[in-house]
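What follows is calculated from the coordinates using simple rules that are stated; it is not laboratory data. It should be emphasised that the depicted structure is a prediction, and the values quoted were computed from it without experimental measurement. So basically every Cβ, Gly included, is an ideal-geometry build from the backbone, and we count neighbours across all protein chains shown.
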Amino acid sequence: MDALAIRSDGTYIDATFGAGGHSALILAALNARGRLVAFDADPSAGAHALADPRFTLLHANFRDLASSLDALEIAQVDGVLFDLGVSSMQFDEGERGFSFRVAAPLDMRMNPAAGESAAEFLALRDERVIADTIYEYGEERKSRRIARAIVALREAGTPVRDTLDLAGVVARAVRAPAHAKIHPATRTFQALRIAVNDELGALREGLDAALARTAPGGRIAVISFHSLEDRIVKHTFREDPRVRVLTRKPIVAAGDEIASNPRARSAKLRAAERIAVAA
């Protein structure tokens with residue numbers, strides 16, 4: 001909220017609505033002339049929509065920010081907030097396939113009605129593509145061994161279909177020690193989720209649209225949870241002449257916050273201010 005420096009009569013974007021926590025705080029800082037537009041690709045986010053005439057929730061990916069604002073006849077905004085990755089709500093809904101804590105179909109789509117699921121991705125891609133995806137998006141050094149095991153099962157007529165299947169395949173392929181702090185399938189699940197949802201491509205498009213639509217003096221704030229996301233944000237803010245970087249180093253959660261909210265331990269907040277650029 002501090003990074004956004006909200007003007008009470010401004011127009012703001014919550015690019016990742018989720019359960020509405022950030023949106024509620026932004027609305028509380030706006031007066032009767034303020035306006036908030038929220039985006040979420042997940043149709044289940046509609047259940048958390050806020051009953052407020054200043055608020056609009058769009059079932060859309062933030063990569064569609066520009067066209068969505070055009071449809072609402074909004075030319076400029078005063079700030080945009082991105083809170084990237086999977087929401088706690090989605091992680092906690094085991095049937096969505098984002099977690100290996102319970103058996104569930106291997107879906108992983110932010111919008112279950114669009115695109116291919118993770119199971120379909122593993123069923124249709126060749127071994128090299130699967131390995132490259134796990135290596136690039138999960139930074140998993142044993143990606144080739146994992147891909148080989150996945151494809152071997154597929155060729156044997158027993159393809160990986162649910163979360164526990166995949167977690168077991170990865171654990172056997174990686175041969176991780178029993179006392180490992182992080183489950184051996186964590187990086188593979190992360191990689192497949194990023195690939196299925198084209199999260200990095202959406203981030204690049206969404207950031208560019210946010211920079212184009214934010215008025216001079218407005219702010220863009222991004223919370224990321226993954227090094228690949230953070231790298232895109234860092235380089236975009238540093239290299240784009242339309243912004244002034246406000247966070248030389250990312251803001252991270254303090255120990256007391258991590259104690260009360262362990263999922264904040266990998267969060268990094270970067271912020272930038274839109275500046276006027278000579279024609």
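In plain terms, the bigger the Kirkwood radius, the slower the diffusion; for segment 111-196, with that radius from Cα pairs, at 25 °C and 0.890 mPa s, Stokes-Einstein puts D at 191 µm²/s. Applying a DSSP loop filter and a limit of 14 other Cβ atoms within 10 Å to the trypsin sites (Lys or Arg not before Pro) in segment 1-51 leaves Arg33.
With contributions of -39500 (n - 2.57) from each DSSP H run of at least four residues, the per-residue ellipticity at 222 nm computed over the chain stands at -11500 deg cm²/dmol. Take every DSSP beta bridge whose two residues both sit in the chain; close to 40 percent of them are antiparallel. The tail of the calculated P(r) for the chain, taken as Cα-Cα distances beyond 23 Å, holds 56 percent of the pairs.
Peptides 111-124, 195-208, 246-259, ordered by how many other C-beta atoms sit within 10 Å of their residues on average, highest first, read 195-208, 111-124, 246-259.
About its Cα centre, the dipole of the chain is roughly 1060 debye, where the only charges are +1 on Lys and Arg Cβ and -1 on Asp and Glu Cβ.
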